[in-house]
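Down below is the structure, laid out as structure tokens.
The values are calculated or read from the model by the stated rules, or taken from the named source; none is laboratory data. Every value quoted in this text rests on a predicted model; they were computed, and no experiment measured them. Neighbour counts run over all protein chains shown; Cβ positions are idealised from the backbone, glycine included. For accessibility, only protein heavy atoms count, side chains too; no ligands or nucleic acids. Shrake-Rupley method; radii C 1.70, N 1.55, O 1.52, S 1.80 Å.
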Amino acid sequence: MAAPGAPVTVTVTYSNEKHSIQVASQQEDGEPTLQDMAVLIEQVTGVPVPFQKLIYKGKSLKELEQPLSALGVKNGCKVMLIGKRNSPEEEAELKKLKDLEKSVEQIANKLEEVNKEFTSIQKGFLAKDLQVEALKQLDKRIKGTAEQFMKILEQIDAIIGGNTCIGQNLFQKVQPEADSC
């Protein structure tokens, strides 16, 4: 058995391909985990981690945070991969969705700033004579943010067409933010 923290060499069988990979921990002084192996398998095979089903000794490996040693995976073991690679078109759509997700996070942060400013006005941290103008500015920023959220929702809808799990998850993440505007 490998020493704790030592890389583990595993043979991954996918379709009619065999890949020998060396799995090292991404955590300093940690043991290699199933997540570490899954990420490496994605790099080697092109099958994204969420679409991987890894089988070892007839059992499906599911707990990504588990060390390989806890799952019984050690040097020289064979793991079977079942999964589907994304087509180039799907990869492009996934990249668009990930970019949109970053945009959502940035807009949500802006909305949080607006909320903090509004709360400070409510608490009386701004002179009464300046509050009306400050509230008008906040109103403009909220309307702009709502418009940005709506554009993102439209872009997500155009990409997913109702059938991409990731897009639907992002849609569900954006919708409450947009509703809060």
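All of (1) more than 28 Å from residue 27 (Cβ to Cβ); (2) hydrophobic (A, V, I, L, M, F, W, C); (3) touching a helix residue (DSSP H, G or I) at 6+ places or on another chain (Cβ under 8 Å) hold for residue 132 with one exception: (3). If the condition is being under 14 Å from residue 12 (Cα atoms), in a loop (DSSP other than H, G, I, E, B) and of a type in the set (D, E, K, R), then the stretch 28-63 contributes only 57. Of all residues in the stretch 49-64, exactly one satisfies the criterion of being open to solvent by less than 70 Å² (accessible area, probe 1.4 Å) and small (Gly, Ala, Ser), namely 60. Mind checking which residues of the stretch 111-120 are free of Cβ contacts under 8 Å to residues at least 60 places away in the same chain and surrounded by 15 or more Cβ atoms within 10 Å (Cβ to Cβ)? Within the stretch 111-120, 114, 117, 118 qualify.
The criterion of being open to solvent by less than 100 Å² (accessible area, probe 1.4 Å), modelled with pLDDT of 90 or more and closer than 30 Å to residue 59 by Cα holds for residue 82. For beta carbons closer than 7 Å, sequence separation of 6+ or different chains, a first residue in the stretch 124-145 that is over 26 Å from residue 105 (Cβ atoms) and free of Cβ contacts under 8 Å to residues at least 12 places away in the same chain and a second that is hydrophobic (A, V, I, L, M, F, W, C) and part of a helix (DSSP H, G or I), the qualifying pairs are 126/134; 131/121.
Scanning the stretch 5-27 for residues that are at pLDDT below 90, open to solvent by 40 Å² or more (accessible area, probe 1.4 Å) and closer than 19 Å to residue 64 by Cβ returns 26, 27. Just wondering, is there one or more residues in the stretch 87-102 that are modelled with pLDDT under 95, open to solvent by 60 Å² or more (accessible area, probe 1.4 Å), farther than 25 Å from residue 160 by Cα and charged (D, E, K, R)? No, there is no match, as no residue in the stretch 87-102 is modelled with pLDDT under 95, open to solvent by 60 Å² or more (accessible area, probe 1.4 Å), farther than 25 Å from residue 160 by Cα and charged (D, E, K, R).
When residue 147 is tested against the conditions (1) within 21 Å of the chain's Cα centre (by Cα); (2) within 30 Å of residue 89 (Cβ to Cβ); (3) open to solvent by 50 Å² or more (accessible area, probe 1.4 Å), the lone failure is (1).
This table checks each residue for (1) free of Cβ contacts under 8 Å to residues at least 60 places away in the same chain; (2) more than 19 Å from the chain's Cα centre (by Cα); (3) not in a helix (DSSP H, G or I).
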{"position": "69", "(1), (2), (3)": "no, yes, no"}
{"position": "80", "(1), (2), (3)": "no, yes, yes"}
{"position": "97", "(1), (2), (3)": "no, no, no"}
{"position": "104", "(1), (2), (3)": "no, no, no"}
{"position": "108", "(1), (2), (3)": "no, no, no"}
